[in-house]
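**Q** First, the structure itself, so that you have it in front of you.
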Amino acid sequence: MKEKELICSIALTHIPGIGQTGARNLYKTFGSASEVFKNRKNLSDILPNIKPKLIDLLDCPKAFDLAEKEYHFI
């Protein structure tokens, strides 16, 4: 896995309200964490039953900050 993908994967689990199970489900749907973030604005088209609040949660710069720190720590 490349650095960007690892950071996106870690960030996905740090977003409040998504957690590890939600992150895993999104990952399975899109094939990668970076694709989840890349398609964030189109999630309602791809997953019609997704709650708008979940889409808003994916816009979380704090999660990326934490993920980068965690990645560099590891």
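**Q** Being in a helix (DSSP H, G or I) and closer than 19 Å to Glu70 by Cβ is the filter; apply it to the stretch 27-48 and report the residue that is most open to solvent (accessible area, probe 1.4 Å).
**A** Per the stated criteria, the residue is Tyr27.
**Q** Looking at (1) surrounded by fewer than 17 Cβ atoms within 10 Å (Cβ to Cβ); (2) farther than 19 Å from Glu3 by Cα, which is the only condition Pro61 fails?
**A** Evaluating Pro61 over (1) surrounded by fewer than 17 Cβ atoms within 10 Å (Cβ to Cβ); (2) farther than 19 Å from Glu3 by Cα leaves (2) as the failure.
The values are calculated or read from the model by the stated rules, or taken from the named source; none is laboratory data. Source: prediction; values computed, not measured. Please note: Cβ atoms are built from the backbone with ideal geometry, for glycine as well, and neighbour counts cover all protein chains shown. Please note that ligands, DNA and RNA were not included when accessible areas were found on the heavy atoms of the full protein model with its side chains. Shrake-Rupley method; radii C 1.70, N 1.55, O 1.52, S 1.80 Å.
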